1. Taking a ≥ b ≥ c as the square roots of the eigenvalues of the Cα gyration tensor of region 20-181, is the shape rounded (a/c under 1.5), prolate (a/b larger than b/c) or oblate?
2. Looking only at GluC sites (Glu not before Pro) in DSSP loops with at most 11 other Cβ atoms within 10 Å, what is the longest site-free stretch of the chain?
3. Looking at the chain, which longest stretch skips every one of the trypsin sites (Lys or Arg not before Pro) that is in a DSSP loop with at most 11 other Cβ atoms within 10 Å, leaving the sites themselves out?
4. What is the magnitude of the charge dipole of region 20-181 about its Cα centre, with +1 placed on the Cβ of each Lys and Arg, -1 on the Cβ of each Asp and Glu, and no other charges, expressed in debye to the nearest 20?
5. Under the rule of at least 5 residues apart or a separate chain, name every residue whose amide H is placed under 5 Å from the amide H of Leu175.
6. Work out from phi, with θ = phi - 60° and the Karplus expression 6.51 cos²θ - 1.76 cosθ + 1.60, the ³J(HN,Hα) of each residue of region 152-161, listed in order in whole Hz, and give x for Gly and Pro.
7. Need the full-extension length gain, Asn147 to Gln101, defined as separation in residues times 0.36 nm minus the C-alpha distance. One decimal, nm.
8. Compute the long axis of helix 2-14 from its Cα atoms, compare it with the longest principal axis of the Cα atoms of the chain, and write down the angle in degrees, 0 to 90, nearest 10.
Amino acid sequence: MKRATYLLPWLMLASPAQAQTDLERGFAGALRGCEEWVLNPASWAEGPGRFVATVGLGDQMGLVDSADEVNLPPKELRVANHFWRINSSIGAGYMLVVSSQLPMCHITGGGNTDLQPDIERVLASDDFRSRWNETGSWSDNGLVSTNYTNAEEPSFSIVISRADAAGGRLDRVQLLATAMFDMDD
C-alpha cells in the first residue's frame, strides 16, 4: 500500500493536462464565434461587444474591413459579410466570415505553421464533440472533409476540410469550414 501512495504523486506529475495552444484556442474560438453568430443573433445585433466576449479570445480577435479572396465564402454567401481576423501566432491564424443577412459562417486557416495537429485536437476534444455530431467524412487529394450537425440545433451543419496528415504544404489554405442553417428543415 505504501508503494501505491508514493507512486500516485509521480503519476500525476508524469501526465499533466495539456493546455490548449494558441492555434487550438484560435480555431476553437472561430467555431464558437460561428455558432454564436448564427444561433444567437442577439449577441451581435446591437454591437459586437457581447459577441466578442462570448467568443472569449479577447484582443486575439478583431473585426477587419475586408478579407483576401482566398478567405471569402462561396459567391452565393457573400452577402452583408463581416470579417473577423483571429491571430493565433506571429505568422498563422484564422479568418471568420459571417453575414448579418444569411445564417452562415465561413472559417479559413493558414500561415507559416502546420495547423493540422491543432485542428485535429480541437475536433477530438470533449468540448467540440459535446456541441457537434459527426454525420459523414470523405477524403480527396490530401484533404479530409467531415460533416457535422449541431447537437443543439440539427438544422445547423458545418463541413470542415483540412489536411489528412501533419506536415502538409504551408503555401495554401490549411482549413476551410462552411456552416449554414438549413431553413427548409
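1. Numbers: a/c = 1.40, a/b = 1.21, b/c = 1.16.
Taking the square roots of the gyration eigenvalues as a ≥ b ≥ c, region 20-181 is rounded.
2. Values: sites that count: Glu46, Glu152.
The longest uninterrupted stretch comes out as 47-151.
3. Numbers: sites that count: Arg169, Arg172.
Between exposed loop sites, the widest span is 1-168.
4. Values: 12 positive and 21 negative charges, 27 e Å.
For region 20-181, the charge dipole is close to 120 debye.
5. Answer set, sorted by chain and number: Gly109.
6. For region 152-161, the Karplus-derived couplings read 7, 9, x, 7, 9, 10, 9, 10, 10, 10 Hz, x marking Gly and Pro.
7. On the way: separation 46, 0.36 × 46 = 16.56 nm, distance 2.34 nm.
In short, 14.2 nm is gained.
8. 30
Where a number appears in this text, it was derived from the coordinates with a stated rule and is not lab data. Note that this is a predicted model, so its numbers are computed, not measured. As a convention, Cβ positions derive from the backbone with ideal geometry for all residues, glycine included, and neighbour counts pool all protein chains shown.
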